[in-house]
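Please read the structure below before turning to the comments.
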Amino acid sequence: MKGSNKYGWKSFLPALFMLSCLFMTVVSVQAQTPVSEAQQNYNWKSTDEAKGILKSHVEMLNQQMPGYTQGTPLYDNALRRVAYFKAIVYEIDRGETVPKSLENALPAAATLGYTKEASYTSKVVLRALHEEARVMLVN
């Protein structure tokens, strides 16, 4: 037993040296901050136009939903879009700009109109929904 720990902590010195060299040579990475919709130079529709477009999409989706089976992904996606579009209109009515309304309304889409827990919808789906609304509301 006496010979098994012959070098003690000294055997770790080369590994410790290599590890400290690794940390010293790491280049600092600066994250890019995403540019918000308000900072990008989109030609947004007026608030009245945006509300009209969103309301007509909500009406169309509400007419289609009785044909969907409740609880299916198709039904949930339609419900998510209705909740998101209504929340955007609500945000516009509160006085927000169109791009800010798209951002503020995302929790309504994430929770299917505040009926499910907040983590229900994936970020990928939310980004796609946000992009869909942006395309609709830009000239």
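Restricting attention to region 67-115, which residues are of a type in the set (D, E, K, R) and not in a helix (DSSP H, G or I)?
Of everything in region 67-115, those that are of a type in the set (D, E, K, R) and not in a helix (DSSP H, G or I) turn out to be Arg94, Glu96.
Give the residues of region 33-81 that are among the β-branched types (Val, Ile, Thr) and modelled with pLDDT of 90 or more, sorted by residue number.
Residues satisfying the conditions are Thr47, Ile53, Val58, Thr69.
Which pairs have Cβ atoms under 8 Å, sit 6 or more apart or on different chains, and link a residue in region 40-56 that is on the phi < 0 side of the Ramachandran plot to one that is among the charged types (D, E, K, R)?
Tyr42/Arg134; Lys51/Asp93; Ile53/Lys45; Leu54/Lys86
Return the residues of region 57-86 that are touching a Ser or Thr at 6+ places or on another chain (Cβ under 9 Å) and in contact (Cβ under 8 Å) with a residue 24 or more places away in the chain; say none if nothing qualifies.
Residues satisfying the conditions are Asp76, Leu79, Arg80, Ala83.
Look through region 82-139, keep the residues that are among the β-branched types (Val, Ile, Thr) and under 14 Å from the mean Cα position of the chain (by Cα), and return whichever of them is modelled with the lowest pLDDT.
Thr121
The values are calculated or read from the model by the stated rules, or taken from the named source; none is laboratory data. The model shown is predicted, which means the values in this text are computed figures rather than measured ones. Counting neighbours? That spans all protein chains shown, and the Cβs are built from the backbone with ideal geometry, glycine included.
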